[in-house]
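*Asks:* Take a look at this one; I'll ask things after.
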Amino acid sequence: MKITLTLLCFIAIANFFSANTTGFARADDDATAHSDIATSDPALTPATSWRIAVVSDIHVYNDAHTKPEFTRLVAKLVERRPRVLVITGDSTSGNLTDHFGLTRARLWWNEVRRQIAPLQKAGVLVFPVAGNHDYYRKPHQRAYEEAAKAILEANAGAPKAAGNPPLNYSVDIDGVHLTLLHIVDQVVDNAQLRWLAEDLKNSKSGLKLAFGHVPLESVMGHTNRKFRQEYGQAFAEGGATAYIAGHEHLVWDQQLEFEGYKLRQITVGCSSGAYTFPIRPDVYAAHCKRLTCRLPYSNLSIKLASPVTRLQKDEVSFFELEVTGDSYEAHPFTLSPEGNIVPFGVEKND
């Protein structure tokens, strides 16, 4: 009887962790049969586990100040010591119709660099990509490229990036291939697709993670089907494990299908809490009930502020990817009112 109960408990735990299964799988297979997730049980997790923190949409304001929530988040991340920090765009707040010149745009990026300096000083490797608000106009573009190159140069002991940093480039960390893409709109860039195909093809890594600003499929607005298909197919053919993006100012985690393959897409949210966007009504109808939504991929329940606004309750968000060999777990986090890092979207007294 004791053996039977032990076996049932083990099966239940295994099924729980399979909800976070990551990677490409054939569409006619059960995704849980292809789990590449490592358990978070300290007794079973190898000592070689390490973390990638992903932040997005910091939105330094046009007067070059940052919301204090992001400053507090950075301080807590320094304590957690991830190996890598990826910034998936919109670090600044430029607009197509603004009239700011290069001097002002450089001030924005000086503030971004000041904010992340404690992480780089602690030895965290920082890899940025641009967002649409970083790249609308020539002054924005030049300021981004100058600052992002300086950020990469400040990475102590980092391996040399391949490609064309800080636009389309890649780097390998402990056998994990990180592809960082300049995707600031739902536009197909054939030259970029050719580079992406070659980059993924040349990588022998068992874990290939891609990062860009704009998701392939939106959960708050319109999706360009050609853009979704072209990039999704490139990720599929190259064996990418997941695509992690920002832009939407909300947290989401879903599985996209591309001609017989599935790709996990994670949307990071807004790491400064500058502002948030509502979930689209049809997405709410499919995955939410009153004040609770279930993220389609991980099955994680998250809270909304209101079923009318469809805004998520937590405004500050970031993801952590815990990597073990060729597998990873992905978890969303937020800041509590006391300024501590806690799981995103759950009742804080749960």
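What follows draws every value from the coordinates through simple rules; no lab data is involved. It should be emphasised that the depicted structure is a prediction, and the values quoted were computed from it without experimental measurement. Neighbour counts run over all protein chains shown; Cβ positions are idealised from the backbone, glycine included.
*Asks:* State, as an integer percentage, the relative contact order of the chain based on alpha-carbon contacts under 8 Å between residues 6 or more apart.
*Replies:* Across the chain, relative contact order equals 19 percent.
*Asks:* For LYS138, which aspartates and glutamates qualify as cross-link partners when the Cα separation must be under 15 Å and same-chain residues fewer than eight apart are set aside?
*Replies:* List returned: ASP98, GLU146.
*Asks:* Around THR92, what is the net charge, scoring Lys/Arg as +1 and Asp/Glu as -1 over all other residues with Cβ under 15 Å from its Cβ?
*Replies:* 0
*Asks:* Still on this structure, please answer the following. Net charge around LEU125, counting only other residues with Cβ within less than 13 Å of its Cβ (Lys, Arg = +1; Asp, Glu = -1)?
*Replies:* +2
*Asks:* List the longest stretch of the chain that has no exposed loop site; here a site is one of the GluC sites (Glu not before Pro) assigned by DSSP to anything other than H, G, I, E or B, with at most 15 other Cβ within 10 Å.
*Replies:* So the longest stretch without any such site is 1-258.
*Asks:* For the pair ARG114 and THR292, how long in nm is the line joining their label points, each one 7 Å along Cα→Cβ?
*Replies:* For the pair ARG114/THR292, the computed spacing is 4.4 nm.
*Asks:* Still on this structure: Against the longest alpha carbon principal axis of the chain, how many degrees, from 0 to 90 and to the nearest 10, is the axis of helix 190-202 turned?
*Replies:* Helix 190-202 and the main axis of the chain meet at about 50 degrees.
*Asks:* From the residues LEU207, GLY157, SER93, which one has its Cα farthest along the dipole of the chain in the positive direction, the dipole being from +1 and -1 charges on Cβ of Lys/Arg and Asp/Glu about the Cα centre?
*Replies:* Comparing the listed Cα positions along the dipole, SER93 ranks first.
*Asks:* Mind checking which of THR223, TRP252, ILE58 is farthest towards the positive end of the chain's charge dipole, using Cβ charges of +1 (Lys, Arg) and -1 (Asp, Glu) about the Cα centre?
*Replies:* Towards the positive end, the residue furthest out is ILE58.
*Asks:* Beyond 27 Å between alpha-carbons counts as too far, so tell me which of LYS76/LYS201; LYS226/LYS262; LYS76/LYS313; LYS76/LYS204; LYS160/LYS201; LYS201/LYS262 fall in that bin.
*Replies:* Those over the limit are LYS76/LYS201; LYS76/LYS204.
*Asks:* With a sphere of radius 10 Å drawn around the Cβ of PRO215, what net charge do the other residues whose Cβ falls strictly inside it have (Lys, Arg +1; Asp, Glu -1)?
*Replies:* Combined, the nearby Lys, Arg, Asp and Glu give -1.
*Asks:* How big is the charge dipole of the chain about its Cα centre, in debye rounded to the nearest 20, if each Lys and Arg gets +1 on its Cβ and each Asp and Glu gets -1 on its Cβ?
*Replies:* Computed about the Cα centre, the dipole is about 520 debye.
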